[in-house]
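Asks: The structure is given below, and queries will be raised subsequently.
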Ligand code: 5AD
Ligand code: SF4
């Protein structure tokens, strides 16, 4: 991936080329951008390709087997570039970061000798130190996969707002204590940690001051957020959203990814009360069978999930839901799978991700005896896909002729076209002359949806000449090894979902 070039102050001019490729979820996208921020003062500027980069970072994902294997094939492809650079008298440092690094540090060093540095998601504030160590001694490898006791966020430079971006990610929580039996996250990202609310608010205010209109709060289990509040009390996610909603100029708040068990009364109330909190929630259920949910250690039943959804929809009737599903978890019977289809039919989703269960070494499910045959997994995946695709198509089609507020984000691919987002993250295309783009980008305008193609909507402004009259107001190449169908945001923003 290419993290977006920043506009913040850089103390040193660009003298070296940095190429970062990001695999996986939005948390990794955020981390890659922060790594670029850490490296900018050392003279590293982002480059679009690895060809003669001075530093290549592969920011990896370990969530499923395919995601991890891609890293090794990309490392193989980098080797000739590294050799060519050495023949020309230069040096290309290759680093593997992220969750594969955390889980397989020693194996990477052994399998891919061209790699100079391997570091986990909790250590990248120490990048300058690692680079200078690598540079001092050719041949010396750096492996840093600690979970340091100090707060990584305290040691990172301020987040730099990317030029012209009106949407931003903001990590508020990391790690997970849930230990679902299929999932590597508690092992690769470590124990749950919440950033203090004051720090989050300060960062959000700075983003908004620099032109950001929509903030997506990130965390592997974001609604387990329990940060220290400025009032000396512990704040949950609902409380944090209320405080963020008070920031003038911030038009939209989103958060991802949530665990059903951590949806509390205050968060449900927040959905009913905070206009700026978008009515679009990713709430993974994974399975509709109580037997499988228990085996997965999900800590909720299908009925409890339905009840939470009912309560959320009572608080915010226009709430649209998306979810993740795993098919072929060890021991999943035809009846278990039928229970999943029933739950999907009853809930009605606006989009979803669905995956074949993939054995992750070290997780409890990997050693279960009743592994499901791959042909059965494929068949179930395709049945589930058909159902979820038809729900998503129905949801998108239901937008036609409706009036929706659209946050205008950027020029479209064609001249005289602007692209924005509906509250449900669908890309919305509008015919607007180029001359008006600068004034309109970053505003929220009411639009009538006139048609759709695929996941995109087409629209016309309700009132022409709305530029600047915003009533509420005032990218990356990502490699996704997702086997499910993309939800509107992931399709366009090129990412896969964080766990929970
Ligand atoms: N196999 C398949 N899918 C998985 N996920 C997490 N671990 C696995 C696994 N071992 C899926 C879950 C999670 C999403 C991010 O990835 O559905 O919510
Ligand atoms: Fe935690 Fe989500 Fe992984 Fe479960 S699936 S262990 S809640 S990150």
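All of the numbers you see were taken from the coordinates with simple rules; none came from a lab. All figures in this text were calculated on a predicted structure; none of them were measured in a lab. Methodologically, a virtual Cβ is constructed for each residue, glycine included, from the backbone with ideal geometry; neighbour enumeration extends over all protein chains shown.
Asks: Over the range 120-231, what portion of Cα pair distances is larger than 19 Å, expressed as a whole percent?
Replies: 57 percent
Asks: When the chain is fully extended, how far beyond the present Cα-Cα distance does residue 66 get from residue 382, taking 0.36 nm per residue of separation?
Replies: 111.9 nm
Asks: Calculated FRET efficiency, residue 266 and residue 88, Cβ-Cβ r, R0 51 Å, to nearest 0.05?
Replies: The computed FRET efficiency comes out at 0.30.
Asks: What spacing in nm lies between the two simple spin-label points modelled at residue 79 and residue 368, each 7 Å away from Cα in the Cβ direction?
Replies: 3.8 nm
Asks: Let me ask something else. How would 499, 314, 456 line up from fewest to most surrounding beta-carbon atoms within 10 angstrom?
Replies: 314, 456, 499
Asks: Something else: Ignoring everything except DSSP H segments at least 4 long, calculate the 222 nm mean residue ellipticity for the chain; use -39,500 (n - 2.57) per segment, divide by total residues, nearest 500.
Replies: Dividing the helical sum by the residues of the chain leaves -10000 deg cm²/dmol.
Asks: While we're here: Using the reciprocal of the averaged 1/r over all distinct C-alpha pairs, how large is the Kirkwood radius of the chain in Å?
Replies: Answer for the chain: a Kirkwood hydrodynamic radius of 23.6 Å.
Asks: In what sequence do 355, 147 fall when counting other Cβ within 10 Å, fewest first?
Replies: Lowest to highest Cβ neighbour count: 147, 355.
Asks: Could you list the residues of the range 180-205 with an amide nitrogen less than 11 Å from a label point located 7 Å from the Cα of residue 299 in the Cα-to-C-beta direction?
Replies: Output list for this probe position: 180, 192.
Asks: To continue, here is another question. Could you calculate the contour length gain from residue 233 to residue 306, that is, 0.36 nm times the residue separation minus the distance between their Cα atoms, to one decimal place in nm?
Replies: 23.2 nm
Asks: Here's something else I'd like to know. Please report the antiparallel percentage of DSSP beta bridges with both residues in the chain, rounded to the nearest 5.
Replies: Counting DSSP beta bridges with both partners in the chain, the antiparallel share is about 35 percent.
Asks: Sort 278, 440 so the one with the fewest other Cβ atoms within 10 Å of its own Cβ comes first.
Replies: The most exposed by this proxy come first: 440, 278.
Asks: Turning to a different aspect of this structure: Using 7 Å Cα-to-Cβ label points, what is the residue 49/residue 135 separation (nm, one decimal)?
Replies: Taking the simple label geometry, residue 49 and residue 135 are separated by 2.6 nm.
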